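Laboratory data are not the source of any read-out in this text; all were calculated from the coordinates shown. Since the model is a prediction, treat every value here as computed from it, not as a measurement. Methodologically, a virtual Cβ is constructed for each residue, glycine included, from the backbone with ideal geometry; neighbour enumeration extends over all protein chains shown.
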Amino acid sequence: MPAAVADIVADPAALAELVDDAVVWASQHGLLVGAGLSEPACAAVHAPLALLPVPYPRETFLRAQRAALAFNSMINAVAQDETYLQNVLAAAAQEDEFTARLLRVYEETAKERHARAGTDAVLAVLRSDYMLHTPTNSLLQVELNTIASSFGCLSTLVARMHRYLMGRAGVSPAQVAALPEHNAMDSIVDAMGAAAADYGVQGGVMVMVVQPGERNSYDQQWLQTRLWERHGVRTLRRSLAQLAADGRLSEGGRLEVSGHPVAVVYFRAGYTPDDYPSEAEWAARVLVEQCDAYKCPTVAFQLAGAKKIQQDLARPGVVERYAASAEDAALLRGFFAGQWALEDLSEPDTAAVVADAVANPERYVLKPQREGGGNNFYGAELRQRLQQGGGGLAAYILMQRIQPPVQPAIMVRGGKAVQADTLSELGVYSTYVRRGDRVLLSAEAGHLVRTKSADSNEGGVAAGFAVLDSPMLV
Ligand code: ADP
Ligand code: MG
Ligand code: MG
């Protein structure tokens, strides 16, 4: 921590002033989340924040940035391999209804997909998440998100806020320069704009598929505003149920929503079974998959982001098949933590790792095929689930528990600051636009740090455990 900042943190009055500055800056610049379901739609509160950026090793950070393009082309290759997706997900789908249903949508729309091969329209906004693993001093991937990668806009604003606060605190320009600049907000919007331009229909809109009652709507609405300002593309926000009622597929495969031609469909919903309470929502998903608009993501990309696929890619020789080059493969493999399938519990290697996890549950995480946080098993629950055994475990993967360094941080929520011991997770965004074989854009697109208290297993920002943060390179 720079000396000027350390002085402020040590002085309660100065600290309270800096917290005030942070909260006011956040309100003035739209670094906001919804205040809660019972409030009017416009009611907002500043997003949960780390008051100061977290020190992060420079070389490691740069390596994660460099991996963005390699992940883009690797995951695109995976998403295009139908047989691979189906084979790897088959056992999980037998035990998990949601995975099975997504695979069914994939199979039901094969006709349209095959007819459109060569002109299919793919938009990806990925976020590869990492944690530092202290025992080996390496950076390991937590997961690669291929659907609803959130916080691109709020993370852009947090980085700006930290620059402002560090300047105000009196740190030197050289130290402020250690805060890496990025603009995930506009980078993501520019990928959406490129997709809409390539779709090439006058008045073509982006449909943002959202969850009813979303609290993180300001992060989404920033994309809408900037997409309009930078590219003149209008956004329609629709739930899957509304899309089912309001979407029409024309003869040629064009989707129209409320009478507007749709150039891009961007999902900020649809990643959890809760988003599909009835057949209507599934019908909407099929409708989107059948249409000729850019989809972010296609069902194939969503499937390629499954935990089960991540685990399979880590097996010897697999990521090497999908990476664009041997160099890319080596770079990507370097981020892979230990991961194990649980399909055949009698297989000796599986039996051995399960026995070890039962004896030492703190060294592992048990993950189902789910997104959105709060679904994993840890500690005693993990042990219990493994001991329970059964075929249902085929829908889980076992993962080495990453052990990031514990660092002190000041977390600000609802205007109140709390000091805590914390762990941080780095996310690197990347964007990808492809039409058939033509890659229109593949770019690293900014970053995010989420910091959570060291005693919480998972750290959802929306769930109230984590705060938005940014790195200070050291
Ligand atoms: P989701 O798709 O639900 O976000 P994640 O794999 O990101 O699933 O898991 C959620 C959270 O659990 C992560 O943000 C991280 O805090 C924690 N976590 C996941 N995997 C690991 C791991 N291997 N080691 C340590 N923590 C993990
Ligand atoms: Mg995820
Ligand atoms: Mg995650």
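Efficiency by 1/(1 + (r/R0)^6): what FRET value for Ser278 and Glu59, r their Cβ-Cβ distance, R0 = 51 Å, to the nearest 0.05? Could the numbers behind the result be given before it?
On the way: r = 50 Å, r/R0 = 0.98.
My answer for the efficiency is 0.55.
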How much length would be gained if the chain were fully extended between Glu347 and Glu381, taking 0.36 nm per residue of separation minus their Cα-Cα distance, in nm to one decimal? 9.9 nm
Pop the C-beta distance of Gln403 and Gln28 into the FRET formula with R0 = 56 Å and round what comes out to the nearest 0.05. 0.90
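Sorting Asp198, Asp7, Asp96 on the 10 Å Cβ count, fewest up front, what's the list? Walk me through the numbers before you get to the answer.
Values: Asp198 18, Asp7 14, Asp96 22.
Least crowded to most crowded, the residues run Asp7, Asp198, Asp96.
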Estimated FRET transfer efficiency when R0 is 35 angstrom, pair Asn457-Glu251 (beta carbons, to 0.05): 0.10
Looking at the chain, what % of its DSSP beta bridges pair antiparallel, to the nearest 5? 80
Taking only complete DSSP H runs, can you tell me which helices of the chain stretch 30 Å or more along their own long axis by Cα positions and average at least -0.5 on the Kyte-Doolittle scale? 58-79
For the chain, what does the relative contact order come out to in percent, with C-alpha contacts under 8 Å and a separation of six or more? 27
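Quote the convex hull volume per residue of the chain, based on C-alpha atoms, as a whole number of Å³. All intermediate terms of the calculation are to be shown ahead of the outcome.
Details: hull volume 69.4 nm³, N = 474.
Residue-normalised Cα hull volume stands at 146 Å³.
So which of Lys307/Lys367; Lys307/Lys452; Lys111/Lys307 end up more than 19 Å apart, counting from Cα to Cα?
On the way: Lys307/Lys367 7 Å; Lys307/Lys452 22 Å; Lys111/Lys307 27 Å.
Distance filter (> 19 Å) returns Lys307/Lys452; Lys111/Lys307.
Using Cα pairs under 8 angstrom and six or more residues apart, how large is the relative contact order of region 338-401, in percent?
Working: 87 pairs, mean separation 31.0, N = 64.
Result for region 338-401 is 48 percent.
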